[in-house]
Structures are given as C-alpha cells and as structure tokens.
Amino acid sequence: MPSEHRKSAHYLLGAISVVAGLTIWAIAAWYTDSALLPTPVSVLKSFSEMTQTGDLYQSVFDSASRVIIGYLIGTLAGISTGVILGGSKLISELLSPLFDFFKGLPPIALVPIAIMWFGIGEMSKYVVIAYIVWIVVAVSTLSGLREVPTIRIKIGQIMGLSHFQIYMKIALPTAMPYIFLGMRTAIGFAYVALVSAELIGANTGIGYLIMDYRFSLQTSKMIAAIVLLGVLGSLTQMLFDIIIKRTRLYLK
Amino acid sequence: MAEWKNLVIKDVTKRFDSGPCILSGIDIRISRGSFVCVLGPSGSGKSTLADLIAGFVKPSTGDILLDHEKVTGPGPDRVVIFQDFSNALFPWLTVAENVEFGLKKIIGDKAARRRKVLDTLGMVKLSDHIDKFPSELSGGMKQRTQIARGIVMNPDILLMDEPFGALDAITRRHLQDELVKIWEELGQTIIFITHDIGEALLISNRVLVLSSGPNAEIVEDFKQEHRFEDPSDKGFSAAYRRIENSIESSLKT
Amino acid sequence: MTAPKKIIYRVVSGAISVAVFVVIWSIASTLFNTPILLPSPTDVFHSAMSMLYEGELLIHIGSSVKRLIVGMAVGVPVGALIGCAMGWFPTVNALLDPYVRMANSIPAIALIPFSLLWFGVSEFSRYALIFYTVSLCVLLSARAGVRSVSEIQIKAAQSLGLGEKEMFVRVVIPAVFPSILSGVRTGIGLGVMVIVAAEMVGASDGLGYLIMEGRSHFAVDRMIIGILGLGLLSLFLDRSFTYIVEHVMPRWSTKRRVGN
Ligand SMILES: Nc1ncnc2c1ncn2[C@@H]1O[C@H](COP(=O)(O)OP(=O)(O)O)[C@@H](O)[C@H]1O
Ligand SMILES: [Mg+2]
C-alpha cells in the first residue's frame, strides 16, 4: 500500500530531523558555556549518574505519590460535585460563573497560601493538585450532563422511569465520555500543579530537583530532570488511555 | 450565447490502486445542452464517474474529452454540486460571497461581478437572503446557493451528485422544477446523479443506468423525446418499470 | 432565549455565584476565627480598595497584562503559521512533529528555570515563556484545524477553478481561522498561568509578585487579593475574547461552523 510507504517515509523524515536537531544542539553546545547549554552526551551521562544515586528514585517516588493522591482526591471530589450539582440544571447554570472563575485560577497562585494554611509538608501539595483536578473534572462532568440530548430524556419518560432513574440510567452514562475526557485533561493539570508546588515550596520531588540543579548550575542534570518529567507525564496519560480502552469505558 | 462543449467519455475504466475494477468500459457521448441522469445502485460507482468527469480522479484507461480536449483536472468548466451542502458551502462567507467565490478570477470589475451575483441569486429565488450565512439557511436554500455558485461560473457542464438526496420530498420537488427551468433558460449540459428513478424521469430526457459494481458498466441508455411532467403521464410507469428491471437484472448477474 | 433575557440571566447567575462564594468564605472565616490566616471578606475588600486607590493594584495587573500581550503578539502568528504549515504539508509535519510532541509533554512551568538561566531575571525571559506557551497552544489547534478542513470544501473550490496557492489563502486559512481563535483563547488561559509562575520566581511587579510578596510579609489579605485578581483577570480576558469573536467578528465564530 502506498500510504504505508508514505508513513514509513515520514517516520524516517522525523528521525532525520531529530538527528539533525541533536547535531545542531551538540555543535551549539560546543561553542557555549556548559552551564548554559551542555551537550546532549553530557545530559545522558548526568542522567545515568542520577540513576545511580538514590536521590532520583526518592524524588520520582515523592512526586508520583503526590500526583496520585492529589489526583484521586480531586477526581472523586470533581465527579461528586458534578453529579450532585448536575442533577439540577438551574443550580449548575447559576453556579457556572463560579466554576469558570476557579478554572481560570492558575494552581501555582495557590501554592503560597496552601503552604501557609497546610504547612510546607505533603498536605499542601495534595491540596493544590486535588484542587485543580477537582475543578477540571467537575466542569467536564457538569458540561457532559448539560449536553444530554432531550430525546434521551424523553425516551426515559416514555418508559416510565422516575426522575432519579433517568438521571442515573440515562443522563450519567451519556455524560461518561465527557467525564473521562475531563479526567484525562486533569492529568496534565495535575502535573502542572505538581511542578508549581515543587518549584516554589518543596524539599523533594522532580520539580525541586529541577530548581536545585539550576541553583547549583548543574544544567545537564536539570535538563535530564525536565525531560524525565515530560516522560512521566506522557506515560501517565498513555496508561490512562490503555486502562480506558481495556475497560471499554470510552464508548460514546 | 456561448457555445457549450460536448463531452465524450471514451472507453474509460477505473480502479483505485490495486483494488477491484470499479467502472469498466464506460463509453458515452453527451452532447451539449442535454440533461442527463445517471442512475445506479449505491456503491456502483456513480460518484466515481462524477469525480472522473470533474477531474478529481484520473481514469485508469481511456479518456475523457471536452470537444477533443482531454480533461486533466478539476476546473470551472465542469462545476460540481455536492450532496453534502453543509460542507460544500464556505461557512465564513455569506450567500452572495459564496456565489462570488469563483467569479473573482473571471470578472475583475466589482460592480459587474456584484450584478451577476445578484442576477443569479434571483434565478434561484434567494434575493431575500443574500447576506445570510450558510448556518442560517435551510437545506433547500443551501442547495440553491450551491446551484447559484455553480451556474454563475457559466460552466459547460453542471455536475450534480445526488444534490437533492438529503432534502425532504416537497423541497426536492420544488428544486427539481426550478432546476429544469434554469436549464431551459441557460441551456448548458447537466449531468445529474441520483438513485431515484422517478426523479430521473421527471427532470431529464436521457437516463443512463449503471450496473451494480464491481465492473460497473452502462446497461441502459434510455432517451425520451419529452420529459415526463408528472408521474401520472402516459408511459411514465412503463419507463419506470423498464429502468427498474435493468437495475434489478444488473444486481443478479 | 432572547437577548435581554440572556443578559439578565447572566447577571443573575454571576451575582448568585459571587454571593455563594462570599457567604461560604464569611462562614469559614468566622468559624476559623484566625484573621491572620483567613481574613474576612470585608477586611480583604477594604485592603483591595486602598490598594486600588493608591494605584498599586492597577500597576500589578497592568504589568501582568502587558507581558501577556507582548508574548501573545509574537506567539500567536508564529504558532498559527507553523501549525497551518504542519497541517497542510505532511513533510513539514514529519520534520517538526517529534519536537512538538516533546514540547507538549513538558509543562511550560518546568521550563521557567531554563528561561531564568538563559535570559536571567528579566522582562525578556517572561516574554520568552509566554511566547513559547502560546505559540505551542495555537500551533496545535491550527494544525488540528487544517486537518479538519472538509474534503468537500477543497473539492468545491477546485471545481470553481482554484489552484493550490489560492486554495491555501482563500479556503484553508479562513476554514482554520476559528480553530486558531480557539487556540488563542486556550492560550490566554495558559499564558496567565505561566506569567504568574514566572512572576513568582523573580519579578518586582505583576500579580504573581503580589502573591509572593504577600507571603514573605505574611500578609494573607494581599495574597488573596492577588489570587482573586488573577482569577478575575483570567475570567475577564476569556469572556471579552469570546464576546469580541461572537459580536465583532461573528464570521469567524465556531458557532457558524456547527449547527448546520
Ligand atoms: N478513493 C477511493 N479509493 C478506493 N475505493 C474507492 C474510492 N472511492 C470510491 N471507491 C469505491 O468505489 C466504489 C463506488 O463508489 P461510489 O462511486 O462512491 O459509488 P456510488 O456513488 O454509486 O454510491 C465503492 O465500492 C467504493 O468503495
Ligand atoms: Mg455516491
């Protein structure tokens, strides 16, 4: 098939482009102070060094547990809020400006006050992550419930279901894809909140490592940590997609 | 009045890549000014035939000629009217701007162009809606806009691929009548694809029947001297049955 | 709903939202009864008023907005251009896609240390961060927009006699424009997020600075003002952008594209 040919040609082009990019990087690094721009090789070396000390694993573990706990709390809170408020169209619409407001509030802005209220320990991190996940999931649950086509509601009425049954058996399942979409978006936000919290108020975690390496001008380690963060984020999202696919919950 | 061109489809076959032969041995001559319907079961290759004439795809063998000149690609001498009116119109342009779209390259003078656009919109009875956006129009109005956008280009051939297939019966009936009137007034060739036998008999004076694919070919070239005005006309049911039979028998083989 | 009814509905829902928020806050601050950690709404309102009088608040808001505008003024066109090119030319996409994927997987906030390292604690490093965030966001939605241009639209334009270049200018770009606009809208939100972060780790004005400064002086009221100001700013920018698109350039609203 020609389209297969084209596909592999494009992968090849992508690979060439990456190699070219790395070469340019290496050349540029050659002529630049290594504290500003280390070579790709030294980044790799730093990464393998980091894996040999226990620091990295401790940081990954700390960051991961923050994201997981914050995310789970936030998701539970978000779905509950959505389900409770979404039962009444009136309430959900009247309060929608409030949710829009909170959705526009960057999680990082809350980090200092969270530290003040909940201390510099783990609690403040959970709160900031859970907060943004909560808002994102609640908003998507509410909008999913608002999108339920009226015909489906009418079908429920024809079949003699009660108000509550229609909500549970028709409205909520219809809103499911929206809820999952919100949960997926929330993963990205959870990572943003994690980094925010760790950049400006933590003594462990990948975000802290990034900031720490910057202060000690260990730029190659800093880059390695940033890339690691990106990889972890993508892996989490992939894992989510796989679970959703396996459990076949994404059905529209 | 301009001299329209004749269309000759010479021994055309079409297959996509290494797939089966969709159309085989299509050999027809459509003289200028005719109103031809192409009928056929779904999946037989009607749209493929339209795409070939329009120049969107190239024949695997054979040629498509407009007055001895080979068709090599799409162009405004063979404007296509699509069934999918929601996508065919440009949603960011008003009705008048949509109609003006292709004309910009042909008529430089703004006022003259505008006049032509308004005249054409009058022909399709859209004078009251020129500044609306497609999203504010009904399906029938969208198809009128598409027709106006096509005929304003003064093409040799107006290629219509099941243009009224997504409209309700009453709107369809109106548009059929209006299309015939426009054709009688302008006189260029219309190639109209449909799977509705009644529609074909009521609007055209020549019906080509494509057998079911693969290897679809023209199994019937039905010419009538006069269009039927109404399904109750004498001979309509006989013609209807004859075409129906040739479709049916093409399905069995 | 008719237009005036809609406005009334909006005002009412806005007022109710504010009321709910303020009531919950009042109850919490009364129960908690530790003004140094959670001042009452009235206290915060008074400090906000005095900050407004002295012009301090507007200076902070102004600095943040200025950074956002400068970053976006460069980021939006660049992102739109590259995104359109990636969507339209498969080769360009093949070449740049690995980088886009990588950039997209790293939260922009994690790049703040980088920009500090390269550009120092400077106005330029903040512009660079916003530029990066916004252009990436617009790029992604422009690319998706180009890919969703319907085949029928392209065919219709070809049939009306358009060549490849004209097609790009007269069909692809207008068809993609609403996607670009919605990318800009998302970009505003992400831009606010990044600018605040950048201001928190090194700046002498802006809402992010206000929050950080409140923290070091243990002035929770100032922190709350910064946070609320930020939320309101973000909401205001988002709403006015949507309003402008819908009312000043309705031709390019996504609403025109659906409902067919
Ligand atoms: N671009 C294409 N590539 C491969 N096969 C195609 C393509 N376009 C159409 N076909 C095949 O050609 C056959 C005829 O399609 P079409 O012309 O759309 O039929 P009709 O319009 O009569 O319903 C179908 O079997 C379809 O799958
Ligand atoms: Mg077809």
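The values are calculated or read from the model by the stated rules, or taken from the named source; none is laboratory data. All of these numbers come straight from a predicted model, not from anything done at the bench. Here the Cβ positions follow ideal geometry from the backbone for every residue, glycine too, while neighbour counts run over all protein chains shown. Protein only, heavy atoms only, side chains kept; ligands, DNA and RNA dropped before computing areas. Shrake-Rupley method; radii C 1.70, N 1.55, O 1.52, S 1.80 Å.
Considering each of C:ALA94, C:ALA85 in turn, give the residue that is within 11 Å of chain A (Cβ to nearest Cβ) and surrounded by 13 or more Cβ atoms within 10 Å (Cβ to Cβ).
C:ALA94
Any residue that is of a type in the set (Val, Ile, Thr), farther than 30 Å from B:VAL180 by Cα and away from ligand 1 (no atom under 13 Å from the Cβ) - is there at least one of those in segment B:50-62?
Taking every residue of segment B:50-62 in turn, at least one turns out to be of a type in the set (Val, Ile, Thr), farther than 30 Å from B:VAL180 by Cα and away from ligand 1 (no atom under 13 Å from the Cβ).
Which members of segment A:75-117 meet the condition of being of a type in the set (Phe, Trp, Tyr) and more than 8 Å from chain C (Cβ to nearest Cβ)?
A:PHE99
Enumerate the pairs (first residue in segment B:42-54 and touching a residue at least 60 places away in the same chain (Cβ under 8 Å) and open to solvent by less than 10 Å² (accessible area, probe 1.4 Å); second residue anywhere and more than 7 Å from ligand 1 (Cβ to nearest atom) and assigned to a helix (DSSP H, G or I)) with beta-carbon separation below 8 Å, excluding pairs fewer than 6 apart on the same chain, so at least 6 apart or on different chains.
Matching pairs, first to second residue: B:ALA54/C:LYS155; B:ALA54/C:SER159.
Out of contact with any helix residue (DSSP H, G or I) (no Cβ under 7 Å at 6 or more places or on another chain), more than 10 Å from chain C (Cβ to nearest Cβ) and either of a type in the set (Asp, Glu) or away from ligand 2 (no atom under 16 Å from the Cβ) (or both): is that true of B:LYS105 in this structure?
So B:LYS105 does not fit the description; no.
Does any residue of segment C:214-223 turn out to be in contact with a helix residue (DSSP H, G or I) (Cβ under 8 Å, 6 or more places away or on another chain), surrounded by fewer than 19 Cβ atoms within 10 Å (Cβ to Cβ), assigned by TED's automatic domain parsing to the domain that holds C:VAL65 and polar (S, T, N, Q)?
no
I'd like the full set of residues that are surrounded by 13 or more Cβ atoms within 10 Å (Cβ to Cβ), at the interface with another protein chain (Cβ under 10 Å from one of its Cβ atoms) and not hydroxyl-bearing (Ser, Thr, Tyr), limited to segment A:1-33.
Across segment A:1-33, the qualifying residues are A:LYS7, A:ALA9, A:HIS10, A:LEU13, A:GLY14, A:VAL18, A:GLY21.
Looking only at segment C:37-64, how many residues end up being open to solvent by less than 100 Å² (accessible area, probe 1.4 Å) and either over 26 Å from the mean Cα position of the chain (by Cα) or over 22 Å from C:ALA203 (Cα atoms) (or both)?
Result for segment C:37-64: 11.
So B:ASN87 ticks every box in (1) in contact with an Asp or Glu (Cβ under 9 Å, 6 or more places away or on another chain); (2) touching a residue at least 12 places away in the same chain (Cβ under 8 Å) but one. Which box is left unticked?
B:ASN87 satisfies all of (1) in contact with an Asp or Glu (Cβ under 9 Å, 6 or more places away or on another chain); (2) touching a residue at least 12 places away in the same chain (Cβ under 8 Å) except (2).
Is it fair to say B:SER24 is closer than 27 Å to B:LYS223 by Cα and touching a Pro at 6+ places or on another chain (Cβ under 9 Å)?
Yes.
With the checklist (1) closer than 18 Å to A:PHE180 by Cα; (2) surrounded by 19 or more Cβ atoms within 10 Å (Cβ to Cβ) in hand, flag the one item A:GLU147 doesn't pass.
It fails just one condition, (2).
More than 16 Å from ligand 1 (Cβ to nearest atom), within 25 Å of B:VAL219 (Cα to Cα) and open to solvent by less than 40 Å² (accessible area, probe 1.4 Å): which single residue out of B:LEU66, B:LEU93 fits that description?
Selected residue: B:LEU66, the only one of B:LEU66, B:LEU93 that is more than 16 Å from ligand 1 (Cβ to nearest atom), within 25 Å of B:VAL219 (Cα to Cα) and open to solvent by less than 40 Å² (accessible area, probe 1.4 Å).
Quick check on B:PRO214: is it open to solvent by 20 Å² or more (accessible area, probe 1.4 Å) and within 16 Å of ligand 2 (Cβ to nearest atom)?
The answer is yes for B:PRO214.
Pick out the one residue from C:PHE114, C:PHE124 that is within 24 Å of A:PRO107 (Cα to Cα), part of a helix (DSSP H, G or I) and more than 14 Å from every other protein chain (Cβ to nearest Cβ).
C:PHE124
Could you list, in sequence order, the residues of segment B:160-177 that are under 19 Å from B:THR120 (Cα atoms), in contact with a helix residue (DSSP H, G or I) (Cβ under 8 Å, 6 or more places away or on another chain) and assigned to a helix (DSSP H, G or I)?
B:HIS174, B:LEU175, B:GLN176
Does at least one position in segment A:172-189 carry a residue that is out of contact with any helix residue (DSSP H, G or I) (no Cβ under 9 Å at 6 or more places or on another chain), closer than 22 Å to A:VAL67 by Cα and open to solvent by less than 30 Å² (accessible area, probe 1.4 Å)?
no
How about segment B:69-84: which of its residues are open to solvent by less than 30 Å² (accessible area, probe 1.4 Å) and touching a helix residue (DSSP H, G or I) at 6+ places or on another chain (Cβ under 6 Å)?
B:ARG78, B:VAL79, B:VAL80, B:ILE81, B:PHE82
Could you tell me which of the residues A:THR174, A:THR204, A:THR219 is more than 30 Å from A:THR51 (Cα to Cα) and of a type outside the set (Gly, Ala, Ser)?
A:THR174
Going by what's in this entry, would C:VAL138 be described as more than 12 Å from chain B (Cβ to nearest Cβ) and of a type in the set (A, V, I, L, M)?
Yes; evaluated as a whole, the condition is true for this residue.
Can you tell me which residue among C:SER47, C:SER17 is in a helix (DSSP H, G or I), out of contact with any Gly (no Cβ under 9 Å at 6 or more places or on another chain) and within 10 Å of chain A (Cβ to nearest Cβ)?
Answer to the check: C:SER17.
With the structure loaded, tell me whether B:ASP84 is away from ligand 2 (no atom under 16 Å from the Cβ) and either within 13 Å of chain C (Cβ to nearest Cβ) or polar (S, T, N, Q) (or both) or whether it fails that test.
No, not satisfied.
Would you confirm whether or not segment A:154-171 contains a residue that is touching a Ser or Thr at 6+ places or on another chain (Cβ under 6 Å) and open to solvent by 30 Å² or more (accessible area, probe 1.4 Å)?
No, the conditions are met nowhere in segment A:154-171.
Within the group B:SER31, B:SER24, which residue is away from ligand 1 (no atom under 16 Å from the Cβ) and away from every other protein chain (no Cβ under 14 Å)?
B:SER31
Can you tell me how many residues in segment C:2-14 are within 11 Å of another protein chain (Cβ to nearest Cβ), open to solvent by 90 Å² or more (accessible area, probe 1.4 Å) and among the aliphatic types (A, V, I, L, M)?
Matching residues across segment C:2-14 total 1.
Keeping to segment B:8-61, report how many residues are within 16 Å of ligand 2 (Cβ to nearest atom), among the hydroxyl-bearing types (Ser, Thr, Tyr) and in contact with a Ser or Thr (Cβ under 7 Å, 6 or more places away or on another chain).
Final tally of qualifying residues: 1.
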